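Colleague: Structure provided below as structure tokens; questions to follow.
The values are calculated or read from the model by the stated rules, or taken from the named source; none is laboratory data. All values reported here derive from a predicted model rather than from experimental measurement. Reconstructed Cβ throughout: ideal geometry from the backbone, glycine too, with neighbour counts over all protein chains shown. Accessible surface is based on the protein model in full, side chains and every heavy atom, while ligands, DNA and RNA are left aside. Shrake-Rupley method; radii C 1.70, N 1.55, O 1.52, S 1.80 Å.
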Amino acid sequence: GRGGPNEAVWGSRRGFCNGAGGLGGDPAKPTPGSKTYYDILEISRRAKQDEIKAAYRKLAKRYHPDRNLEDPEAETRFKEVQEAYTCLSEPFKRALYDQDLQFSTYGSRVTQEVEREKWTQHWDLETPDEREARKERYKRYAAGERNDLPPSPFKLSWTPIYMLGGIFGIFYICIRAPDWFDAQSDPTFCDPAHDDTTVPLVFAFHDPVMNRWERLPEDAEPPLPEELYAHYRRKKPEAMNRLDLKLLPKVRLTTLRVPRTDAVRASFRPMPPPAVAAAAAAEPPEGGGAAKKGEPE
């Protein structure tokens, strides 16, 4: 009752999807170009279980021997449909069948040159316990469970913590590195790129009107702010008109030792204090006394 042109189609799959699950038998060598179970049920390889069941019911009614008494091939096709449904209706059997379609020359759409016997020949050497373990492994694969994978080196849920920690660590190192290697926070630090020790330092005050440093003698005091502003009102009134007097210093000008190349000669020299001016006026000119003594009587 199994004769006919389609004998090789379902006969080669009998050992694959029967009760043994193809795990201990020696199935016949699949032939390229033969129909797959999906072709027999007229469904795609992405079909869901509801679609498989509906296709089986439709084809079982079509090829049932009681409805095809005059068709000798109906019984064979009916059995093919039953065997295809038996395999594809069970998830783990379907997963193993799909694996065979993908990695062997079994099926009309698969052209990989892989012989099924070469990658299944170790099945004949398995012990019953190993065979049962492989069945359970296939069932887990079909259910999407993998407990044979190596443990993750770190928890994925901690990824944001690792990333933020790395970012802040790099930021902290970049901030602290100048102090660790060059001691830039030390008061005596001298940056050779900016501090040229070959240029002497001079005593200078900051001119807020012209926004520059102006040199002063070592013992001289900077002018008072009101004296400097009065000088510029007389000499450069347009410079004073551009400034906001509320932002200018009122009590004292800033003095500092700066490189000589960064300071200019002072354009305003303050008047000496009254006591110094009086002493200078009372002092006779150099050589004046000798001339008086030399005058004729």
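Colleague: Would you check if Pro217 is exposed (fewer than 13 other Cβ atoms within 10 Å of the Cβ), at negative phi and modelled with pLDDT under 80?
Modeller: No, not satisfied.
Colleague: Still on this model: Scanning for something open to solvent by 80 Å² or more (accessible area, probe 1.4 Å), without any contact (Cβ under 8 Å) to a residue 12 or more places away in the chain and under 30 Å from Trp123 (Cβ atoms), does the range 223-246 turn up at least one residue?
Modeller: No: the range 223-246 contains no residue that is open to solvent by 80 Å² or more (accessible area, probe 1.4 Å), without any contact (Cβ under 8 Å) to a residue 12 or more places away in the chain and under 30 Å from Trp123 (Cβ atoms).
Colleague: Can you list the helices (runs of 4 or more DSSP H) found entirely within the range 81-147 that contain at least 3 residues being at pLDDT 85 or above and open to solvent by 50 Å² or more (accessible area, probe 1.4 Å)?
Modeller: Where helices (runs of 4 or more DSSP H) fall fully within the range 81-147 and carry at least 3 residues being at pLDDT 85 or above and open to solvent by 50 Å² or more (accessible area, probe 1.4 Å), they are 91-103, 128-142.
Colleague: Which of the residues that make up the range 54-80 are closer than 17 Å to Ser44 by Cβ and surrounded by fewer than 17 Cβ atoms within 10 Å (Cβ to Cβ)?
Modeller: Ala54, Lys58
Colleague: Identify, by number, the condition in (1) within 30 Å of Leu201 (Cβ to Cβ); (2) open to solvent by less than 100 Å² (accessible area, probe 1.4 Å); (3) modelled with pLDDT under 60 that Gly294 doesn't meet.
Modeller: (1)
Colleague: Right, something else. At pLDDT below 90, touching a Gly at 6+ places or on another chain (Cβ under 8 Å) and not in a helix (DSSP H, G or I): is that true of Ser185 in this structure?
Modeller: no
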